[in-house]
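What follows is a short report on a single structure.
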Amino acid sequence: MKRRLLYCLMLLAPMLIRAQYHLDTLHYAGDSKVFIDIVYLGDGFTEDELDKFADFVKEQNDNFFDKTPLLQYKSMFNVFYVKTPSNVSGAGMTPDAPIDNIFGTCFGTSGVDRMPWPTKWGKVNEVLNDVKPDYDLVPIVVNSEKYGGGGGSPFICFSMNKSSIEVLRHESGHALGGLADEYWYKGREAANMTQILSPLKWERWMDEDGVGTYRHSNDENEEAYKWYRPHQQCLMRYLNRDYCPVCREALIERIHARSKNVISYTPEENTVPLETEDVLFSLNLLKPEPNTLRVEWLLDGESVALGQESYRMKTGAVANGTHQLTAIVEDTTLMVRTEGHSQLHAATVVWDVSVNTPSGIISVSTHEYIVGPLPFETVLVFSNKRPQQQETRMELLNTAGFISASATFQNDANCRLTTAQLPAGVYLLRVYQKGQLVYQRKITKR
């Protein structure tokens with residue numbers, strides 16, 4: 001009897017651990033496969049202080065999305081928080097003098113007095129795995145009014161100082177955007193830090209809105225003098241500033257890498273009757289604010305509609321045989337100029353349509369592809385969002401119908417065709433898988 005009771009208690013223990021944590025929702029937009037998940041945790045809040053933590057998180061979240069480009073892409077985020085009680089209030093002042101808070105957060109990490117950081121990562125992972133294992137960004141609020149913060153993908157740790165919202169935004173530049181500090185901390189190649197001036201990674205923004213090449217000059221540090229930043233007044237250097245154009249662009253790239261412009265599409269059925277009624281093909285889109293998405297519909301490679309989220313295929317208007325209906329969705333935001341950004345900012349849904357006689361049945365199979373950059377220059381990328389590990393052949397045909405460039409790839413998830421040798425102009429892209437044409441579109445090389 002005692003053994004059975006012990007065994008039952010052992011089975012019940014993990015359930016009891018889970019029961020003490022609960023995922024609260026601040027903003028829910030949709031499925032984590034489409035949207036970016038932010039999960040706030042708290043350290044150094046006793047049971048009696050958990051409401052203080054929740055109120056603080058709500059205030060931070062209200063302000064977090066007020067700054068460009070987070071303001072424009074707010075719709076792409078889910079926001080949650082978890083009340084995690086500590087036995088002791090506050091944070092340790094140095095890693096050598098920890099206190100009994102739940103995640104072991106202490107200031108003085110890596111010898112930097114203003115940097116709070118957890119030491120009990122096993123506990124952090126336990127909580128996240130129990131309540132929200134599919135997270136993208138985890139800000140940890142430490143119950144202290146001492147100024148400080150730190151960030152490294154996907155974690156942020158920051159205090160409840162009066163500058164907390166600016167610290168949260170700055171650290172999000174690290175954890176979400178992969179950005180470096182634009183004050184001198186240490187050198188590393190990033191979107192906003194470099195030692196390489198030719199080619200300069202932010203050349204497309206030069207002399208615009210204060211963008212230039214500025215040394216991290218420091219008379220006491222020869223290493224700093226070797227590195228360059230793009231701006232003198234960026235949030236990644238000073239608080240209470242805006243993100244500079246280079247950092248805005250990097251953040252948008254990362255946001256698109258973690259989310260999708262196309263949430264869903266219809267029809268998804270294998271067969272749709274096309275006898276007495278038209279068939280409506282439609283997209284459910286995830287839009288920035290203001291909406292910068294461009295939608296184009298192609299039937300057998302020819303444009304048939306622009307700027308609409310659906311296309312109606314009318315009975316009798318499509319000849320019997322095999323056709324291809326393509327919807328291309330691109331984010332045309334002017335805040336991104338990165339070569340190849342369309343690979344992250346564009347989604348392509350393809351319906352393979354087979355209209356048969358005499359029944360008038362339309363057979364539909366769907367695919368989701370990414371093609372970019374558009375227009376392209378030195379490289380053209382074809383990606384399948386539902387990769388099947390199969391042979392893929394890309395062909396570019398000139399206006400005379402001759403193949404100007406081609407290549408065969410064994411993995412259809414990411415195919416890169418070199419195009420630097422081609423003259424500027426209009427080409428027809430054809431993509432084959434298992435010898436069958438799966439995608440075609442007219443595109444431009446500049």
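The values are calculated or read from the model by the stated rules, or taken from the named source; none is laboratory data. Here the structure is a predicted model, which is why all the values come from computation and not from measurement. Ideal geometry is used to build each Cβ from the backbone, glycine not excepted, and the neighbour counts take in all protein chains shown. In case anyone asks, the SASA skips ligands and DNA or RNA and just uses the protein heavy atoms, side chains included. Shrake-Rupley method; radii C 1.70, N 1.55, O 1.52, S 1.80 Å.
In segment 1-52, what residues are open to solvent by less than 50 Å² (accessible area, probe 1.4 Å), in a helix (DSSP H, G or I) and at pLDDT 95 or above? Glu49, Leu50, listed by residue number.
Here the condition is being of a type in the set (Val, Ile, Thr) and closer than 30 Å to Asp37 by Cα; of Val304, Val295, Val279, it holds for Val295 alone. Every condition in (1) at pLDDT below 85; (2) buried (at least 18 other Cβ atoms within 10 Å of the Cβ); (3) out of contact with any strand residue (DSSP E or B) (no Cβ under 6 Å at 6 or more places or on another chain) is met by Lys314 except one, and the failing one is (2).
Residues in segment 53-82 that are surrounded by fewer than 20 Cβ atoms within 10 Å (Cβ to Cβ) and more than 28 Å from Asn291 (Cβ to Cβ): Ala54, Asp55, Phe56, Glu59. Within the set Val349, Val336, Val353, the sole residue that is modelled with pLDDT of 80 or more, out of contact with any helix residue (DSSP H, G or I) (no Cβ under 8 Å at 6 or more places or on another chain) and either assigned to a loop (DSSP other than H, G, I, E, B) or buried (at least 19 other Cβ atoms within 10 Å of the Cβ) (or both) turns out to be Val349. If you go through segment 64-110 and keep only what is of a type in the set (D, E, K, R) and either under 18 Å from Ser164 (Cα atoms) or part of a loop (DSSP other than H, G, I, E, B) (or both), you end up with Asp66, Lys67, Lys83, Asp96, Asp100. The residues on offer are Tyr243, Tyr238, and the sole one that is modelled with pLDDT of 95 or more, touching a Pro at 6+ places or on another chain (Cβ under 9 Å) and hydroxyl-bearing (Ser, Thr, Tyr) is Tyr243.
With the condition kept exactly as written, say whether any residue in segment 174-181 is more than 21 Å from Ile36 (Cα to Cα) and part of a loop (DSSP other than H, G, I, E, B). Checked segment 174-181: at least one residue is more than 21 Å from Ile36 (Cα to Cα) and part of a loop (DSSP other than H, G, I, E, B). Any residue at all in segment 144-167 that is among the polar types (S, T, N, Q), open to solvent by 50 Å² or more (accessible area, probe 1.4 Å), in a loop (DSSP other than H, G, I, E, B) and closer than 28 Å to Asp66 by Cα? Yes, that holds for at least one residue. Would it be correct to say that Gln436 is within 26 Å of His323 (Cβ to Cβ) and free of Cβ contacts under 8 Å to residues at least 12 places away in the same chain? Yes, satisfied. May I ask you to list the residues in segment 384-424 that are modelled with pLDDT under 80, surrounded by 15 or more Cβ atoms within 10 Å (Cβ to Cβ) and not hydrophobic (A, V, I, L, M, F, W, C)? Matches in segment 384-424: Asn384, Asp412. Does any residue of segment 161-177 turn out to be over 29 Å from Glu222 (Cβ atoms), within 25 Å of the chain's Cα centre (by Cα) and of a type in the set (D, E, K, R)? Checked against the condition, which is being over 29 Å from Glu222 (Cβ atoms), within 25 Å of the chain's Cα centre (by Cα) and of a type in the set (D, E, K, R), segment 161-177 yields at least one hit. Among the listed residues Tyr185, Tyr214, identify the single one that is open to solvent by 70 Å² or more (accessible area, probe 1.4 Å) and not small (Gly, Ala, Ser). Step by step, each of Tyr185, Tyr214 is checked, and only Tyr185 is open to solvent by 70 Å² or more (accessible area, probe 1.4 Å) and not small (Gly, Ala, Ser).
Filter segment 134-143 for residues that are part of a strand (DSSP E or B) and either under 19 Å from Lys120 (Cβ atoms) or open to solvent by 30 Å² or more (accessible area, probe 1.4 Å) (or both) and give the result. Selection gives Val138, Pro139, Ile140, Val141, Val142. Does Gly152 qualify as being without any contact (Cβ under 8 Å) to a residue 24 or more places away in the chain and under 20 Å from Val39 (Cα atoms)? Judged against the criteria, Gly152 is a match.
Test of understanding: among Arg248, Arg229, which residue is surrounded by 20 or more Cβ atoms within 10 Å (Cβ to Cβ), at pLDDT 95 or above and more than 28 Å from Pro290 (Cα to Cα)? Result: Arg229 is the single residue among Arg248, Arg229 that is surrounded by 20 or more Cβ atoms within 10 Å (Cβ to Cβ), at pLDDT 95 or above and more than 28 Å from Pro290 (Cα to Cα).
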